[in-house]
Amino acid sequence: LDQTAPHIAIFPTAGMGHLMSFLRLATMLATRNCTVTVIASQPTVSAAESDQLSSFFATHQNIKCLEYHFLPYNPTTDIDPFFAQFIAISNSVHLLHPLLSNTSPPLSAFIADFTIASSVCKIATDLSIPTYVLITTSARFFSLLACHSQLVENNAKNGGGEGVDYIELPAGLPPMPLSSIPPPFFNPNHYFSAIISANAPSFTKVNGILVNTFDWFESATIEVLNSGRVVHDLAPILTVGPLESFKVGQSLNLPWLDNQPAKSVLFISFGSRNALSKDQLSELGVGLEKSGCRFLWILKGSKVDKQDKEKIEEILDESFLERTKNKGMVIKGWVNQEQILAHPAIGGFLSHCGWNSVMEAARQGVPILAWPQHGDQRVNAQVVENAGLGLWARDWIGEKILVKGGEIEEKIREIMRRENLAKASEVREKARHAHEIGGNSEQAIQGIIEELRH
Ligand code: BUP
C-alpha cells in the first residue's frame, strides 16, 4: 500500500455527460493508486444516472461512495431540470463539511464539476485542501466560459449582437460565429448564464483546470488559454483526455451488429438529453432509407428518460421499420455507447456532439457527422471538423428548421466514405498517444497525483 497516495473526492453534478466523465476520472485515479471517494448526489434527475451509479459501485468496490442528500430547491420559474439540480447541489454543499472532515485517510483534494465550483472552493478552504475542476466540454467552449463576463459586457455594448455574425474573443483566440453560442449565454437573467457567472470566478482560485481533451486535438486553444492572456491568473489547463473507459459488468449483446460487415454501420445517437421532433425523426428515417446505409439508431422520445414512455412504433412509422428491418436496428433505452463505438462494424457516427461522445469517437477513430442541437454542441462540432474527425452539417440548425431526408441522405453518403475513416484513424493514434507514458494527458494526471502526495 502506498501510504503517501492521495485521497481524492470526485464531485460530479447532473446529466450523464457530466457523470460519465467523473466516473472515468475516478477509475483512472484509483488504478494509479489513489484512494477515491465519489460524492453521489441524491436523488438524480434521470433514471440513467441512478442506474449508472448503482452498476458503477457494484463493479468498482475499491471506490467509495458518499451519498449526498441535498436540500430540495423549488424554483419559482420554469427551469431545465438539470440546471435546477446544479443549483440545488451547490446550495447545500455546506452539508458535506461534517461528512468529509473526518475521512480516513484524510481528504487531499476535491475534483469538482464546474457548475458547483465556487461552493466547493469555499468548503475546500474550510477543510484546508485544494480544489480542481474537471471540464466536461471542449477547451474551445471552456474559453467562452472563462471570459463570460467580458463577452456579456461586450455584447450589451454592441446592442445585443444585432447585425453581427462573429464575436471577437480575447488574446488571439479565433472569432466565434454568434450562431454557435447558445443565446442564454448572453442573458444575465437566464439560469444558464447565472450558473456560469457564479462559478467562472473560481477559474482563478482553483489549483488546476482539468479538461477532457488532448493537446493534439485542440492545441491552439490550449496554448492561448495557458498563455495567461485570456484571463489574468487563470489556473493551469491540464489536459487529461480522452478519459479512459471503465470496466462494466456486461459485454455488448447485439448479435445483429456482430453480423454486419466491417465499418459498414452508421451509429446514430443524440445523447441523453435531446429528443428530435417527430417530424424530424421521420425525415431522418427517409434519409437513412434513401442512403441505403446500414444503421444502428438509439431513439429518444423526451428530454428526461423517466418521462420517455412511448414505444418505438409510436414514434417511428411502422412501415419504415418493416422496410428497413434488414438494414438497420432501432433501440429505445440505454445502450453502452462506448462499446458500440468500439465495435468493428461501426463506420460512422451521426452525433449531437456532446463532448463525451466526441472524445469516445476520437478514442475509437470513428468519423462523426455532426448534427449539434444546443448548448456547447455547435462549438464542439467546429472542433470536430477542424481536427479532421468528421463533418459538420452547419446548416442543420437544431430545433429551428426541419432538415429534409434528401439532405440527410447526401451527408450520410459523404460521412461513410473511406477517406474519413483514414483521417479518423489518425485522430485515434494521437488520442492513444496522449495516454502512453510521456503522453500529455498521462503526464498531467501523474503531475496532479505527485502534487497531492502527503
Ligand atoms: Br444516450 C446514451 N448510452 O444510450 P455526451 C449515452 N451514453 O452510454 P449528453 C451511453 O452518455 P451532456 C446511451 O457514451 C456519453 O458518455 C455516452 O454524454 C453515454 O452527451 C454520455 O455525449 C453522454 O456528453 O450530455 O448526453 O448531451 O449534455 O451532459 O454533456
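The values are calculated or read from the model by the stated rules, or taken from the named source; none is laboratory data. Given the structure is predicted, the values throughout are model-derived calculations rather than measurements. Neighbour counts are summed over all protein chains in view; Cβ atoms, including those assigned to glycine, are modelled from backbone coordinates with ideal geometry. We work out accessible area using only protein heavy atoms, side chains counted, and drop any ligands, DNA or RNA first. Shrake-Rupley method; radii C 1.70, N 1.55, O 1.52, S 1.80 Å.
Of all residues in the stretch 189-203, none are closer than 20 Å to G365 by Cα and in contact (Cβ under 8 Å) with a residue 60 or more places away in the chain. Selection of the stretch 44-60 for residues being in a helix (DSSP H, G or I) and of a type outside the set (V, I, T) yields A47, A48, E49, S50, D51, Q52, L53, S54, S55, F56, F57, A58.
The number of residues in the stretch 12-37 that are touching a helix residue (DSSP H, G or I) at 6+ places or on another chain (Cβ under 6 Å), hydrophobic (A, V, I, L, M, F, W, C) and within 16 Å of the ligand (Cβ to nearest atom) comes to 5. A Cβ distance below 6 Å, combined with a sequence gap of six or more or placement on separate chains, defines the contacts here; from the stretch 267-296, residues that are among the polar types (S, T, N, Q) reach residues that are within 16 Å of the ligand (Cβ to nearest atom) in the pairs S269/I298; S272/M16; S272/A48; N274/H352; N274/Q373. Among residues of the stretch 341-366 that are more than 18 Å from F270 (Cα to Cα), those with a Cβ under 7 angstrom from a residue that is aliphatic (A, V, I, L, M) and more than 12 Å from the ligand (Cβ to nearest atom), sequence gap 6+ or separate chain, pair up as H343/L257; P344/A262; A345/L257; A345/A262; A345/V265; R363/A431; G365/A424; G365/V427. Every listed requirement among (1) assigned to a strand (DSSP E or B); (2) open to solvent by 10 Å² or more (accessible area, probe 1.4 Å); (3) within 16 Å of the ligand (Cβ to nearest atom) is met by L391 save one, (3). Taken over the stretch 258-293, residues that are within 16 Å of the ligand (Cβ to nearest atom) and either touching a His at 6+ places or on another chain (Cβ under 6 Å) or of a type in the set (D, E, K, R) (or both) amount to 4. Among the residues in the stretch 142-150, are any among the hydrophobic types (A, V, I, L, M, F, W, C), surrounded by fewer than 16 Cβ atoms within 10 Å (Cβ to Cβ) and touching a helix residue (DSSP H, G or I) at 6+ places or on another chain (Cβ under 7 Å)? The answer is no, given that none of the residues of the stretch 142-150 is among the hydrophobic types (A, V, I, L, M, F, W, C), surrounded by fewer than 16 Cβ atoms within 10 Å (Cβ to Cβ) and touching a helix residue (DSSP H, G or I) at 6+ places or on another chain (Cβ under 7 Å).
How many residues are open to solvent by less than 70 Å² (accessible area, probe 1.4 Å) and either within 27 Å of N356 (Cα to Cα) or in a helix (DSSP H, G or I) (or both) when one looks only at the stretch 151-166?
The first filter runs over the stretch 151-166 and keeps only residues open to solvent by less than 70 Å² (accessible area, probe 1.4 Å), leaving 151-152, 154-155, 159-161, 164.
Going one step further and asking which of them are either within 27 Å of N356 (Cα to Cα) or in a helix (DSSP H, G or I) (or both), we end up with 151-152, 154-155.
The total comes to 4.
Here are some conditions: (1) part of a loop (DSSP other than H, G, I, E, B); (2) aliphatic (A, V, I, L, M); (3) buried (at least 20 other Cβ atoms within 10 Å of the Cβ). V36 meets all but one. Which one does it not meet? Tallying (1) part of a loop (DSSP other than H, G, I, E, B); (2) aliphatic (A, V, I, L, M); (3) buried (at least 20 other Cβ atoms within 10 Å of the Cβ), V36 fails exactly one: (1). Of all the residues in the stretch 328-350, those that are farther than 22 Å from V240 by Cβ, out of contact with any Phe, Trp or Tyr (no Cβ under 6 Å at 6 or more places or on another chain), at pLDDT 95 or above and of a type in the set (G, A, S) number 3.
Within the bounds of the stretch 346-355, is there any residue that is within 12 Å of the ligand (Cβ to nearest atom), small (G, A, S) and outside any loop (DSSP other than H, G, I, E, B)? Yes, the stretch 346-355 contains at least one residue that is within 12 Å of the ligand (Cβ to nearest atom), small (G, A, S) and outside any loop (DSSP other than H, G, I, E, B). The residue that is most open to solvent (accessible area, probe 1.4 Å), counting only those in the stretch 167-192 that are in contact with a Leu (Cβ under 7 Å, 6 or more places away or on another chain) and under 19 Å from A220 (Cα atoms), is P175. The set of residues in the stretch 221-266 being acidic (D, E) and touching a residue at least 12 places away in the same chain (Cβ under 8 Å) consists of D233, E244, D258.
Can you tell me which residues in the stretch 361-374 are crowded, with 24+ Cβ neighbours inside 10 Å and not in a helix (DSSP H, G or I)? Steps first, please.
Applying the first criterion (crowded, with 24+ Cβ neighbours inside 10 Å) to the stretch 361-374 yields 361-362, 366-372.
V366, P367, I368, L369, A370, W371, P372, listed by residue number.
Say whether the condition of being open to solvent by 10 Å² or more (accessible area, probe 1.4 Å), under 22 Å from T137 (Cα atoms), among the charged types (D, E, K, R) and at pLDDT 95 or above is met by at least one residue in the stretch 398-416. There is no residue in the stretch 398-416 that is open to solvent by 10 Å² or more (accessible area, probe 1.4 Å), under 22 Å from T137 (Cα atoms), among the charged types (D, E, K, R) and at pLDDT 95 or above. Only one residue in S50, S21 is free of Cβ contacts under 8 Å to residues at least 24 places away in the same chain and over 24 Å from P105 (Cα atoms), so which one is that? Selected residue: S50, the only one of S50, S21 that is free of Cβ contacts under 8 Å to residues at least 24 places away in the same chain and over 24 Å from P105 (Cα atoms). The single condition among (1) within 12 Å of the ligand (Cβ to nearest atom); (2) buried (at least 22 other Cβ atoms within 10 Å of the Cβ); (3) free of Cβ contacts under 8 Å to residues at least 60 places away in the same chain that G333 does not meet is (2).
Please determine whether any residue of the stretch 43-59 is more than 16 Å from the ligand (Cβ to nearest atom) and farther than 30 Å from K309 by Cα. Scanning the stretch 43-59, I find no residue that is more than 16 Å from the ligand (Cβ to nearest atom) and farther than 30 Å from K309 by Cα, so the answer is no.
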